[in-house]
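Okay, so here's the structure we're looking at.
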Amino acid sequence: MRIGINGSGLLARPSVEAIVAHAREVAEQGFQSYWLAQGGPVDALTLISLAAQQAPGIEFGTAVVPTYPRHPSALACQAMTTQAATGGRLSLGIGLAHKPVIESAYGMSFDKPIRHMREYLSILIPLIEQGKVSFAGETLTGRGELSIPETEPCPVLIAALGPQMLRLAGSRTAGTILWVVGPRTIREHIAPRISEAAAKAGRGAPRVVAGLPICVTDDKERTRERLGRAFAIYGQLPSYRAMLDREGAEGAADVSVIGSEAEVRDHLAEISDAGATDFAALEFCKTDDERVRTRELLRSLL
């Protein structure tokens, strides 16, 4: 299992300089990937383009860019520009986001989200992979060309949790990016469904990128309490609630990677054995000691 860092915790108080410095440190320490969410007042792909100039060698990924606010033609253009800026090191993670956000914040319909994603990919992927598209769906249309010389297509991944979205991810993309999904759910639900879909479509083995909060600490219970408050929303959103129920978990704290070095190492081994190909660690640490111990534990697994 490849080990990466999710720097999205820095987006709560965004500083371009801080995020670039964080990505550079992660690359210098030998981690294999660096992930950013699209959220708040800053743009993830723009930040990645900047960070890549100072962080050579490491993969960059979005986890994730919501689809509804950006037409797939516009996102394809931005993604391929970022791919060129990173020297071919971008993985484009996209996702639906959630009905309350899309309908309240943007005033857009969240009707038939699977149809939306299927049509979105029918425009996005041809533009990225072939440089042209001619598609007219029920809700999305894309016609045009995209040519950025000497730039290889960037892989696309979907935030897929339900059976239909997992089949779509496996059959048409490079894999899935998960958030607060535990090892039992990966082993029994995520990995089998997406792998079966990829095999039926004649595609290679899909990536399963597992993103979770992590902290090496001696104060396990208090850390769990803090994390439970910080990520309480995920127990209320239907798609995440369904995954937590599969895991037998009450909330995000119950699937997060928290404890001593030995406990954290065992938990990560369980995630790997369940079928995750990548781990994107969101370091949820309060003290300098926790930050150092967490980072050193992760580095020991590289």
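Restricting attention to region 64-88 and to residues that are surrounded by 20 or more Cβ atoms within 10 Å (Cβ to Cβ) and of a type in the set (V, I, T), the residue that is nearest to the chain's Cα centre (by Cα) turns out to be V64. Taking every residue in region 196-213 that is aliphatic (A, V, I, L, M) and pairing it with any residue that is surrounded by 14 or more Cβ atoms within 10 Å (Cβ to Cβ) and part of a loop (DSSP other than H, G, I, E, B), at least 6 positions away or on another chain, the pairs with Cβ-Cβ distances below 6 Å are A198/P206; V208/G275; V208/A276; V208/T277; A210/A276; L212/S256. Exactly one residue among G9, G4, G61 is within 16 Å of the chain's Cα centre (by Cα) and at pLDDT below 95, and that residue is G9.
Restricting to region 111-122, count the residues that are in contact with a Lys or Arg (Cβ under 9 Å, 6 or more places away or on another chain) and of a type in the set (A, V, I, L, M, F, W, C). Going through region 111-122 one residue at a time, the tally reaches 1.
Scanning region 51-98 for residues that are within 19 Å of L178 (Cα to Cα) and either part of a strand (DSSP E or B) or without any contact (Cβ under 8 Å) to a residue 12 or more places away in the chain (or both) yields a count of 12. Pairs linking a residue in region 217-230 that is free of Cβ contacts under 8 Å to residues at least 24 places away in the same chain to a residue that is among the small types (G, A, S) and surrounded by 12 or more Cβ atoms within 10 Å (Cβ to Cβ), with Cβ atoms under 9 Å and 6 or more positions apart or on different chains, are R229/A253.
Examine region 179-191 for a residue that is surrounded by 20 or more Cβ atoms within 10 Å (Cβ to Cβ), under 20 Å from L237 (Cβ atoms), touching an Asp or Glu at 6+ places or on another chain (Cβ under 7 Å) and of a type outside the set (V, I, T), and state whether such a residue exists. The answer is yes, given that some residue of region 179-191 is surrounded by 20 or more Cβ atoms within 10 Å (Cβ to Cβ), under 20 Å from L237 (Cβ atoms), touching an Asp or Glu at 6+ places or on another chain (Cβ under 7 Å) and of a type outside the set (V, I, T). Can you confirm whether region 181-191 contains a residue that is modelled with pLDDT of 95 or more, among the hydroxyl-bearing types (S, T, Y) and closer than 23 Å to L268 by Cα? Within region 181-191, one or more residues are modelled with pLDDT of 95 or more, among the hydroxyl-bearing types (S, T, Y) and closer than 23 Å to L268 by Cα. Looking at V42, V26, can you tell me which residue is part of a loop (DSSP other than H, G, I, E, B), among the aliphatic types (A, V, I, L, M) and either within 22 Å of W179 (Cα to Cα) or free of Cβ contacts under 8 Å to residues at least 12 places away in the same chain (or both)? Being part of a loop (DSSP other than H, G, I, E, B), among the aliphatic types (A, V, I, L, M) and either within 22 Å of W179 (Cα to Cα) or free of Cβ contacts under 8 Å to residues at least 12 places away in the same chain (or both) holds for just one of V42, V26, which is V42.
Suppose the filter is farther than 22 Å from S147 by Cα and touching a His at 6+ places or on another chain (Cβ under 9 Å); does I102 pass it? Answer is no for this residue. Please enumerate the residues belonging to region 243-302 that are of a type in the set (D, E, K, R), touching a helix residue (DSSP H, G or I) at 6+ places or on another chain (Cβ under 6 Å) and not in a helix (DSSP H, G or I). E283, the sole residue that qualifies.
The values are calculated or read from the model by the stated rules, or taken from the named source; none is laboratory data. Quick caveat: nothing in here was measured; it's all calculated off a predicted structure. All Cβ positions, glycine included, derive from the backbone under ideal geometry; neighbour counts span all protein chains shown.
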